[in-house]
Amino acid sequence: MIYITRRERFNAAHRLFREDYSDSRNLEVFGKCSNPNWHGHNYTLFVTVKGEVDPATGFLVNLKDLSEIINQFVIEKLDHRNINVEVDFMKGKLASTENLAIGIWNELKTPIDQLGAALFKVQLYETENNFVEYLGEE
């Protein structure tokens, strides 16, 4: 078993808030991230896949193909978008980094399976100090 990781980047805006909370409660729970005028991040996404090396190519997967999948199913939907408003797979979900990582996993799992690998981990950096890792349902 071998693991390989592809890094991609995107920029997106979001707001952490609950409609059923008052503005003061949102501020108390989510701090400045509940700003009604949104805020943005320069995200860094690492997608790790696992599987066996193809003896004919020496690859687990062609990284060009993996990059195309990540861009088609994730980056094009997120880059320079408002996560709360414009991203189909985040509709009805709190736009936290944790929920975003789970959403990205769900978008990538099937196309990566079809590529002949298994999705192992989604690692999403919101800032240089804060990131989440998601390894799917256990």
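The values are calculated or read from the model by the stated rules, or taken from the named source; none is laboratory data. Here the structure is a predicted model, which is why all the values come from computation and not from measurement. Every residue, glycine as well, gets a Cβ built from its backbone with ideal geometry; the counts of neighbours run over all protein chains shown.
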Only one of Leu45, Leu63 is of a type outside the set (D, E, K, R), under 21 Å from Ser96 (Cβ atoms) and modelled with pLDDT of 95 or more, namely Leu45
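Does segment 56-63 contain at least one residue that is in contact with a strand residue (DSSP E or B) (Cβ under 7 Å, 6 or more places away or on another chain) and surrounded by fewer than 16 Cβ atoms within 10 Å (Cβ to Cβ)? Lay out the reasoning, then the answer.
Taking segment 56-63 as the starting set, the residues that turn out to be in contact with a strand residue (DSSP E or B) (Cβ under 7 Å, 6 or more places away or on another chain) are 60-61, 63.
Keeping just the survivors that are surrounded by fewer than 16 Cβ atoms within 10 Å (Cβ to Cβ) gives 63.
Taking every residue of segment 56-63 in turn, at least one turns out to be in contact with a strand residue (DSSP E or B) (Cβ under 7 Å, 6 or more places away or on another chain) and surrounded by fewer than 16 Cβ atoms within 10 Å (Cβ to Cβ).
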Determine whether segment 43-50 contains at least one residue that is crowded, with 16+ Cβ neighbours inside 10 Å and more than 18 Å from Tyr134 (Cβ to Cβ).
no
Can you confirm whether segment 103-126 contains a residue that is of a type in the set (S, T, N, Q), at negative phi and in contact with a Leu (Cβ under 7 Å, 6 or more places away or on another chain)?
no
Please indicate, with yes or no, whether at least one residue in segment 16-32 is part of a helix (DSSP H, G or I) and among the basic types (Lys, Arg).
yes
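Determine whether Val53 is in a loop (DSSP other than H, G, I, E, B), surrounded by 12 or more Cβ atoms within 10 Å (Cβ to Cβ), at pLDDT 95 or above and touching a helix residue (DSSP H, G or I) at 6+ places or on another chain (Cβ under 6 Å).
Numbers: in a loop (DSSP other than H, G, I, E, B): yes; surrounded by 12 or more Cβ atoms within 10 Å (Cβ to Cβ): yes; at pLDDT 95 or above: yes; touching a helix residue (DSSP H, G or I) at 6+ places or on another chain (Cβ under 6 Å): no.
It is false that Val53 is in a loop (DSSP other than H, G, I, E, B), surrounded by 12 or more Cβ atoms within 10 Å (Cβ to Cβ), at pLDDT 95 or above and touching a helix residue (DSSP H, G or I) at 6+ places or on another chain (Cβ under 6 Å).
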In the list Arg25, Arg15, which residue meets the criterion of being out of contact with any Phe, Trp or Tyr (no Cβ under 7 Å at 6 or more places or on another chain) and among the charged types (D, E, K, R)?
Arg25
Six or more apart or on different chains, Cβ under 6 Å: which pairs go from a residue in segment 1-19 that's in contact (Cβ under 8 Å) with a residue 24 or more places away in the chain to one that's assigned to a strand (DSSP E or B) and of a type in the set (Lys, Arg)? Could you list them?
Met1/Lys50; Tyr3/Lys50; Ala12/Arg81
What are the residues in segment 103-138 that are within 16 Å of Phe10 (Cα to Cα), hydroxyl-bearing (Ser, Thr, Tyr) and not in a strand (DSSP E or B), if any?
Thr127
What are the pairs, 6+ residues apart or on separate chains, where a residue within segment 123-138 that is under 16 Å from Arg7 (Cα atoms) has its Cβ under 6 Å from a residue that is among the acidic types (Asp, Glu)?
Gln123/Glu133; Val132/Glu98
I want to confirm something. Restricting to segment 79-99 and keeping residues that are part of a helix (DSSP H, G or I) and touching a residue at least 60 places away in the same chain (Cβ under 8 Å), which single residue is nearest to the chain's Cα centre (by Cα)?
Ile83
